[in-house]
Amino acid sequence: GTYDGGLVGLHAASGAQAFGYAPHAGCVKSVACSSSGRCASGGTDHVVRLFDIGKGAELGELQEHDDTVCCLDFWGTSNLVTGGVDGLACVWRCSDWELLLKFRAHKAALACLAVHPSGRLMASAARDSSLRLWDLMRGTSAAVVPVDDVVELLAWSPEGGRLCALSARSATVVDMAQGGAVAVFHNPGASGLMRVSLSAAAFLREGDVLLGDGKGELRALEFRAAAAPGPALAEACTLPADEQRVRVKAIACNHRGAGAAVTFVVGTSSGRVEVWLCRAPASTASLRLEHFVRVHVVETAVRLTCLAFWSGAGASAAKAADPLAAAMDELADLKRAEEDLAEAEGAMALRPKKKRRRQPAQ
């Protein structure tokens, strides 16, 4: 999504543009994709626009909010949840786009929401520094979580066992499966005169979170169990810096199952889109820098505000083999081979040449 109301689609395997059009009259604030390829976008024009990526066709619009639609999320292929600055949350049925439920989630404007993988729960946060868990079956509040700062982003882990709440100064991970144990990572750039805010986050695996900040840095964090006083979020590695990478606006991941490689996309405020591949040997192994490969860099030249990832899996039975996964793995292998070749050529250039002995004349 872009600042001027446009949507731009890119092929993750090649970086080529797939589509581009401007459905909104104002800034696009949020975008999400279902597993079947339906795309929903919300903007400052108070409207949710719908688009079928597979068919390349518009599906219409949803009008229920009285203010900016700032957050939305799909659950599978059956439901869409939208949230607005008006404090309302709406649950829609995707088969006919009927409004199933509408309730006031917060007194203040919503900042973000995230639907649990089971579809039964939803987490939402508002500008008044409130964080709530909701029972989507009834539209009732299930829990209120105390927070100190405004939560700008919420994300569930792939299996739904952990919830990440991101603010400008910290990233908090709540372990829902183990009694709500909390681990906090404090932003090292939040203090001093030149403050750098955390701006994006996404789960790479069940226990690993990738963070992006206002300076363009990307950090991989691990959720570790500690003896006392509780679990901790520790930095596993920092991805290579890039002078052209400015403020990270969004990170989106494609989880292809336990033990498989994870493709993720990083979008920056300058319009740069980076496609990465993370290939860790096992779910319990610690992430290291050599597990990450940057596959593509695309300069879209637009003011990017948000992004979402659709793998194409689930669009048809013919795509069950996940051709994107094979293509991304092949590109990553090619990228590594090029890097190894460059290192070998550099080593050969630095190696001193042996002097040739001249044979005595006979």
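The values are calculated or read from the model by the stated rules, or taken from the named source; none is laboratory data. As the structure is a prediction and not an experimental result, all values here were calculated from the model. For neighbour counting, all protein chains shown are included, and Cβ atoms are generated from backbone atoms with ideal geometry for every residue, glycine included. All accessible areas refer to the heavy atoms of the entire protein, side chains included, with ligands and DNA or RNA removed. Shrake-Rupley method; radii C 1.70, N 1.55, O 1.52, S 1.80 Å.
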Task: Selected residue (criterion: least open to solvent (accessible area, probe 1.4 Å)) from residues of the stretch 1-24 that are among the hydrophobic types (A, V, I, L, M, F, W, C) and closer than 22 Å to Trp97 by Cα - done: Leu7
TODO: Any chance you could count how many residues in the stretch 44-59 are touching a strand residue (DSSP E or B) at 6+ places or on another chain (Cβ under 8 Å) and either among the hydroxyl-bearing types (Ser, Thr, Tyr) or open to solvent by 30 Å² or more (accessible area, probe 1.4 Å) (or both)?
DONE: 8
- [ ] Quick one: in the stretch 134-152, of everything that is of a type in the set (Val, Ile, Thr) and outside any strand (DSSP E or B), which residue is surrounded by the most Cβ atoms within 10 Å (Cβ to Cβ)?
- [x] Val151
Open item on the list: For Gly15, only one of the following conditions fails: (1) over 20 Å from the mean Cα position of the chain (by Cα); (2) not in a strand (DSSP E or B). What is its number?
Closed with: (1)
Task: Residue within the stretch 297-316 that is modelled with pLDDT under 90 and within 15 Å of the chain's Cα centre (by Cα) present - done: yes
Task: Unique residue being over 26 Å from Ser269 (Cα atoms) and either modelled with pLDDT of 95 or more or assigned to a strand (DSSP E or B) (or both) when the list is Leu50, Leu113, Leu72, Leu59 - done: Leu59
Task: Single residue of the stretch 270-294 satisfying the filter (β-branched (Val, Ile, Thr) and within 19 Å of Leu211 (Cα to Cα)) that is surrounded by the most Cβ atoms within 10 Å (Cβ to Cβ) - done: Val275
- [ ] Give me the pairs, please: first residue somewhere in the stretch 61-72 and more than 8 Å from Asp86 (Cα to Cα), second residue anywhere and open to solvent by 60 Å² or more (accessible area, probe 1.4 Å) and in a strand (DSSP E or B), beta-carbon distance under 8 Å, and either six or more positions apart or on two chains.
- [x] Glu64/Lys102; Val69/Lys29; Cys70/Lys29; Cys71/Lys29
Task: Options Ser41, Ser36, Ser30: the member that is surrounded by fewer than 20 Cβ atoms within 10 Å (Cβ to Cβ), closer than 19 Å to Leu80 by Cβ, of a type outside the set (A, V, I, L, M) and within 19 Å of the chain's Cα centre (by Cα) - done: Ser36
